[in-house]
Amino acid sequence: MCDNCAKSDLTKLAAAFEGREGDRHALIDILQKAQEIYGYLPTDVLYAIAEKTGLSPAKVMGVATFYTQFRLKPVGRNLILLCKGTACHVNGADSIEKALAEELGIGDGETTADGLFSIKVVACLGCCSLSPVMMVNEETFGSLTPEKAKDIVRKIREASK
Ligand code: FES
């Protein structure tokens, strides 16, 4: 089913509105809460937020697409943040990206068909001395080589069987 056709359980959305019914100025807070609840911001949830806040769907969609913190598509169970900041770039981030693409068949902003992995390229993870670096969920992996990166995702895939 495509995301646009998906029917979210809108009863869960009530928690995002607690104490904020009709508060047009709380949109970012409400979107953050909704993302916590659903893992991303499905289209039908954005429409429901527009209706409840009295804002136009275009306004709600505009805010949701403007801020990079908001996700409009579901992400995989394991979110890979691949750093391509200067230090990581110089130390081979492109070859890590290529290795991940070979192993997972996805690139930046994509999710594997089994919903296990998503990749997001970021500018700096704040640990440049370990470059090239990627994070998988909360864990940081540094001094990567293409083989090491492939190995990490293989192990995660094995562990989730
Ligand atoms: S440039 Fe990659 S961690 Fe800073």
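Laboratory data are not the source of any read-out in this text; all were calculated from the coordinates shown. All values reported here derive from a predicted model rather than from experimental measurement. Please note: Cβ atoms are built from the backbone with ideal geometry, for glycine as well, and neighbour counts cover all protein chains shown.
Find the relative contact order for the chain and round it to a whole percent, using C-alpha pairs within less than 8 Å whose residues are 6+ positions apart.
Reported relative contact order: 18 percent.
Taking the DSSP beta bridges in the chain as the whole, what percent of them are antiparallel, to the nearest 5?
Approximately 55 percent, going by the DSSP bridge assignments.
Quick check on the exposure proxy: order TYR47, TYR38 from fewest to most C-beta atoms within 10 angstrom.
TYR47, TYR38
Which ³J(HN,Hα) values, rounded to whole Hz and listed in residue order, are derived for region 40-52 from phi using the Karplus coefficients 6.51, -1.76 and 1.60 in 6.51 cos²θ - 1.76 cosθ + 1.60 with θ = phi - 60°, glycine and proline given as x?
Here the 3J(HN,Hα) series is 6, 10, x, 4, 5, 5, 4, 5, 5, 5, 4, 5, 6 Hz.
Calculate how many DSSP beta bridges within region 78-159 are antiparallel, expressed in % of all such bridges and rounded to the nearest 5.
Counting DSSP beta bridges with both partners in region 78-159, the antiparallel share is about 55 percent.
Can you count the Lys pairs in the chain with C-alpha separation below 21 Å, eight or more apart or on different chains?
Within the chain, the lysine pair count is 24.
Taking R0 as 25 Å, what's the FRET efficiency between ARG77 and HIS25 from their Cβ-Cβ distance, rounded to 0.05?
0.15
Fewest to most neighbouring Cβ within 10 Å: what's the order for PHE117, PHE66?
Ranking PHE117, PHE66 by Cβ neighbours within 10 Å, fewest first, gives PHE66, PHE117.
Would you please calculate the Kirkwood hydrodynamic radius of region 43-161 over all C-alpha pairs and express it in Å, rounded to one decimal?
Roughly 15.6 Å, rounded to one decimal.
So between HIS89 and GLN32, what do we pick up on full extension, going 0.36 nm a residue minus the alpha carbon distance?
Using 0.36 nm per residue and subtracting the Cα-Cα distance, I get 17.4 nm.
Within region 93-117, which residues have the backbone N less than 20 Å from the label spot 7 Å out from GLU158 along Cα→beta-carbon, could you tell me?
Correct set: 99-105, 116-117.
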